[in-house]
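Each reported figure results from applying straightforward, stated rules to the coordinates on display, with no laboratory input. Values in this document were obtained by computation on a predicted structure and should not be read as measured data. Cβ sites come from the backbone with ideal geometry, for glycine too, and all protein chains shown count toward neighbours.
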Amino acid sequence: MCGRTACTLDPEEVSRASRYRNRHGQRRQPRWRDGDADKYRPSYNKSPQSFSPVLLSQRHFDKDASVDECVVAAMRWGLIPSWFREDDPRKMQYSTNNCRSESLLDKKSYKDPFLKGQRCVILADGFYEWRRQGKEKQPFFIYFPQSQPDSGLGEEEQRDESDVEFPPEEKASNIEEESETDKWTGWRLLTIAGLFDCWKPPGGEEPIYTYTVITVDASPNLQNIHDRMPAVLDGEADVRRWLDFGEVKSSDALKLLQPTNILTFHPVSSLVNNSRNNSPECLQPVDPEAKKEPKPTASSKMMMSWLKDSSSSKRKEPSICDATTREQQPKAKENLKSSGTLENWLKSASKKARID
């Protein structure tokens, strides 16, 4: 399952970190859907019902757009089926935060959007999972390895271009090179396969876009934490194929939903257990054997000071409140970190705690 994530990049950084190649090998930076950048709130501790950045085809909003043109939208976690007829989503009798890949076609709530091509990619720094230890549960933060700078969603710049799946008519020589100034060198975002739907309230209010995280059996290196994990799409080729519902049929898209054995992780504090806690300490590596709440380290104090006092980028210290209240506060762009800060901070913190 997947019940908590973190996404700390500000809207502009999310867009830059989500650069992709279209069918012709041209590098593109997705823009935010109109008004959605204000709905998204960076957070170290995102729970269901909060808004997260989601990558999807622009064709879903503009029928004249190319299907391989992507856009970033802010969607609420917890899918509300378009056919839901109650006036309040809280009246739903079952959870739609996660969708098991094995039963995706067995449930109308997921089958309908899947067959309509309503596939999306949830963007996150990483996700949290809990391992049961007797009567207690130890939380872990799980994410892509950050050993090398990344210029977007995938690692194609670090691979031979022959590995990238472009249509036969497109030659490698046509692939657009990216300038050093355009490359994204910050945190590599986790790209999770999901489904979305659009629910229109009976009262005529604004339509609500929501999503569900698709899950698969855990990969071998995560099985000792939990038996399920999000279906992570590793690299631009998989992301492109998942989103390209025009070229990639549903039956072929299902084959992309496989356990990913490359993720890394480290234990974190039980602070993350409470969704009201929203601070860098949620991500800080800890020693689970110590069985103590971690004290703020020098690196975390520096980070909090930087978040609070940096006037050049108008960054604010994250508030501590529940997920619902957090999303209902006045809309504002709260930048929680700059490019690479999370990566550098984790590397510094890992000197005092082992990262698996």
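Among the listed pairs Lys91/Lys249; Lys63/Lys255; Lys183/Lys255; Lys108/Lys249; Lys108/Lys137, those with a Cα-Cα distance over 23 Å are Lys91/Lys249; Lys63/Lys255; Lys183/Lys255; Lys108/Lys137. Kirkwood's formula applied to the C-alpha pairs of segment 217-273 gives a hydrodynamic radius of 13.2 angstrom. The chymotrypsin sites (Phe, Trp or Tyr not before Pro) of segment 185-294 include none that meets both conditions, a loop assignment by DSSP and at most 14 other Cβ atoms within 10 Å of the site Cβ. Once the convex hull of all Cα atoms in segment 1-119 is built, its volume per residue stands at 137 Å³. Less than 5 angstrom separates the built amide H of Val72 from those of Arg31, Trp32, Arg33, all sequence-distant by 5 or more or on a different chain.
Give the long-range amide H neighbours of Ala231: residues separated by 5 or more places, or on another chain, with amide H under 5 Å away, using H modelled in the peptide plane at 1.01 Å from N. Placed amide hydrogens put Ala193, Ile214, Thr215, Val216 under 5 Å from Ala231.
A simple rule links phi to the HN-Hα coupling: the Karplus curve 6.51 cos²θ - 1.76 cosθ + 1.60 with θ = phi - 60°, which for segment 220-227 gives x, 7, 10, 5, 7, 9, 7, 8 Hz, with x for Gly and Pro.
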